[in-house]
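Quick notes on the structure that follows.
The values are calculated or read from the model by the stated rules, or taken from the named source; none is laboratory data. A quick note: this is a predicted structure, and the numbers were derived from the prediction, not measured. FYI the Cβ positions are ideal-geometry reconstructions off the backbone, even for glycines, and counts take in every protein chain you see. Each accessible area value is taken on the protein alone, full model and side chains, heavy atoms only, with ligands, DNA and RNA left out. Shrake-Rupley method; radii C 1.70, N 1.55, O 1.52, S 1.80 Å.
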Amino acid sequence: MELELDFEKPVVELKKKLEELKHTEATSKVDLSAAIREMEAKLLELQQQVYGNLTRWQRVQLSRHPERPYALDFIQAICDDFIELFGDRTIADDKAMVGGFGRIGNETIMFIGQQKGRDTKSRKLRNFGMANPEGYRKALRLMKMAEKFNKPIVTLIDTPGAFPGLEAEERGQGEAIARNLLEMSVLKVPVICIVIGEGASGGALGIGIGDKVYMLENTWYSVISPESCSSILWRSWDHKEKAAEALKLTAQDNLDLKLIDGIIEEPLGGAHKDPEAVFKAVKQVIQKDLKALKAKEADVRIEKRIKKFSSMGVVA
Amino acid sequence: MSWFKRVKEGIVTRTEEKKEAPDGLFVKCPSCKKMATAKVIHEHQHVCLNCAHHFQVGSAEYFHILFDEDQFTELDANLVSGDPLQFTDTKAYPDRIKASIEKTGLKDAIRTAHGKVEGQDLVVACMDFNFIGGSMGSVMGEKIARAIDYSLEHKMPLMIISKSGGARMMEGALSLMQMAKTSAKLALLSQARIPYFSLMTDPTTGGVTASFAMLGDFNMAEPNALIGFAGPRVIKETIGKDLPKGFQRAEFLVDHGFLDFIVDRRELKHKLATLIRMLKQD
């Protein structure tokens, strides 16, 4: 069953008609191939029209699509081997933040990412991808271990935000994120960060300081979600579309603002339409970049990384 | 027929010019409701004599409190905000900036300066909450980054006095990246073994807490200051319960291990100078 978003309705309806036509041909043995071809062409045209001109809000919707691949889907598809590692060694294991060593060919990589759930039970387990301080500390522990064994790091960002809970504050959510920002900027090993879904604010940035930062085509990355922005500026969630436009939060926007290094294309209609193609594209980017990054000395990488983030901002 | 005619529309006196209250004007403490003259409050570092409530003040007052003989050199005083996103809500962002500049006489929500504290060099970056809620945009990030560069170059300790609601929404992801920028620069300061003092004042929340404010070699706060990542209203909505008394206040943060100490504003200068002297490298 395909879950359709509001703006996808015309595409889904035409697809249904096409299926019916194909079914009629198969059962009635009447030659409808010309009509089918015509409709297929029309469908492609409609898809290009709908998905080729997505508004910023529609991309936000795609970034949250319930069928979209999540961090562990990526890791398992990309790696030949993966051993998940748990816990921050202090208080708990945060199920909203996953990580472990993975192998691609001869390359061992530390993968870290926020993890969402797919049904009610797993969504609750994963806290909707909203990590607590122990999640950020778990991530830092794993990054430090990667540094110790001289293995590169890949982070997969997908979070509606760091968890705004009472215990999260007691255990220092702000400190945990801040510590990661500082430590990640001086990690001696290559770091690649990829926004695979939602990149909400400090919660996303907390695993987002890398030599290279990418966004998948239909993701968003900003200081606040369109809904929260709308509720602050217009006192209601109803202006989320307007807020999404104002925030300029898409992959293309962030590339134009020089805040990311590149965009990884998605299939027409979003990553969930053909996950294998997205996994392949992500794997290629990781392999290509690691080769280039490993050719440089650690000091050079760190200096460049700090310089890159230091140059972000527009002042007059 | 009116006897007097208004020449200019609206109120034209800038807040900055209005601030110097005449002697004898009374101020009411928002905490204990006791009255005191503005002059007395000013002479006591803007702390209530009755209940020790710390009045919210800005960079001008902190520079006055900290620097010897009120002498300091302001750094990058003329940096102002751009409009990278052409952001418009109820007001266009450049208009909002312009109005805030008019209202406060400041250029943005932070000022940076170099001066002496009990004879010792110190670089201070101090926020002004009355400029768009002390929000952090590109200007704040850049000024802090340059203040850190100045500290590195002259091997002087750094202090950041935070008072901010967090990141400035009108600069979108650019404001988010100021967290990365300032934290990365602080990593360099740390590697150079130059002391960094972070003073959190009421309120310090959001992206400021989740970056430089929590990264001090010494994390300090004023009494009763609200300090947190998420704001109390958001947390209350998330958990659907009332928050415990004193939650996210400075005393709460000390108890949970995130502050080195709380400092009364009247003792700030001397305590800071003592620490700087203790850390001096021979």
Checklist line | 10 Å Cβ neighbours from other chains, averaged over peptide B:129-140 | finding: 1
Notebook entry, point to check: Taking a ≥ b ≥ c as the square roots of the eigenvalues of the Cα gyration tensor of the range A:60-310, is the shape rounded (a/c under 1.5), prolate (a/b larger than b/c) or oblate?
Noted result: rounded
Checklist line | Protection proxy ranking, peptides B:173-184, A:178-189, average beta carbon neighbours within 10 Å, highest first | finding: B:173-184, A:178-189
Item checked: Per principal axis, descending, Cα span of the range A:103-241 in whole Å -> 51, 36, 32
Next item on the list: Report, in deg cm²/dmol and to the nearest 500, the calculated mean residue ellipticity at 222 nm for chain B, where each DSSP H run with n ≥ 4 adds -39500 (n - 2.57) and the sum is divided by the residue count.
Entry: -10000 deg cm²/dmol
Notebook entry, point to check: Extension gain A:S311-A:K124, at 0.36 nm per residue separation less the Cα-Cα distance, in nm?
Noted result: 63.4 nm
Next item on the list: Whole Å is fine, so just give me how far the alpha carbon centre of the range A:8-60 lies from that of the range B:22-60.
Entry: 72 Å
Next item on the list: Kindly tabulate the residues in the range B:168-185 with an accessible-area decrease of at least 40 Å² between the chain alone and the assembly of all protein chains, using a probe of 1.4 Å.
Entry: B:M169, B:A173, B:L174, B:L176, B:M177, B:A180, B:K181, B:A184
Notebook entry, point to check: Roughly how many debye, to the nearest 20, is the charge dipole of the range A:60-310 about its Cα centre, given +1 on each Lys and Arg Cβ, -1 on each Asp and Glu Cβ, and no other charges?
Noted result: 500 debye
Notebook entry, point to check: What distance in nm separates the simple spin-label points at A:E25 and A:E107, each placed 7 Å from Cα in the Cβ direction?
Noted result: 4.3 nm
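Divide by every residue of chain A the summed helix terms, -39500 (n - 2.57) for each DSSP H run of at least 4, and state the resulting mean residue ellipticity at 222 nm, rounded to the nearest 500 deg cm²/dmol.
-15000 deg cm²/dmol
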Item checked: A:V300-B:L25 pseudo-label distance in nm [points 7 Å out on the Cα-to-Cβ vector] -> 6.2 nm
Margin query: How shielded is B:89-99 by partner chains, expressed as the average number of their Cβ atoms within 10 Å of its Cβ atoms?
Written below: 1
Checklist line | Those lysines that a straight Cα-Cα span of less than 17 Å connects to A:K188, excepting residues fewer than 8 apart in one chain | finding: A:K144, A:K148, A:K151, A:K212, A:K291, A:K294, A:K296, A:K304, A:K307, A:K308, B:K185
Check: So for the range B:155-282, taking the charge dipole from beta-carbon charges (+1 Lys/Arg, -1 Asp/Glu), which of B:L215, B:L226, B:A192 sits furthest toward the positive end?
Finding: B:A192
Item checked: Dipole magnitude (debye, nearest 20) for the protein assembly as shown, charges at Cβ of Lys, Arg, Asp, Glu -> 540 debye
Check: Under the classification rounded if a/c is under 1.5, otherwise prolate if a/b is larger than b/c and oblate if not, where does chain B fall, given a ≥ b ≥ c as square roots of the Cα gyration tensor eigenvalues?
Finding: rounded
Next item on the list: Towards the positive end of the charge dipole of the protein assembly as shown, with charges on Cβ (+1 Lys, Arg; -1 Asp, Glu), say which of A:A295, B:H114, A:Q49 has the farthest Cα.
Entry: B:H114
Margin query: With +1 on the Cβ of every Lys and Arg and -1 on the Cβ of every Asp and Glu, and nothing else charged, how large is the dipole of the range A:178-250 about its Cα centre, in debye rounded to the nearest 20?
Written below: 220 debye
Margin query: Can you give me the long-range amide H partners of B:L75? Hydrogens built in the peptide plane at 1.01 Å from N, cutoff under 5 Å, separation of 5 or more residues or another chain.
Written below: B:T112, B:A113, B:H114
Next item on the list: Report the accessible surface area buried between chains A and B, summing both sides, using a 1.4 Å probe on protein heavy atoms only, in Å² rounded to the nearest 100.
Entry: 4100 Å²
Next item on the list: Determine the shielding of peptide B:230-241 by partner chains: average, over its residues, the number of Cβ atoms on other chains within 10 angstrom of each Cβ.
Entry: 3
Checklist line | Gyration tensor verdict on the range A:6-53 (Cα atoms; rounded if a/c is under 1.5, prolate if a/b is larger than b/c, oblate otherwise) | finding: oblate
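Measuring with a 1.4 Å probe in the full set of protein chains, what accessible area per residue, in whole Å², belongs to the range A:262-316?
Result: 55 Å² per residue.
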Next item on the list: May I ask you to derive the FRET efficiency for B:A192 and B:D255 from their Cβ-Cβ distance with R0 = 30 Å, giving the value to the nearest 0.05?
Entry: 0.40
Check: List the GluC sites (Glu not before Pro) in the range B:90-190 that DSSP assigns to loop (not H, G, I, E or B) and whose Cβ has at most 16 other Cβ atoms within 10 Å. Which are they?
Finding: B:E118
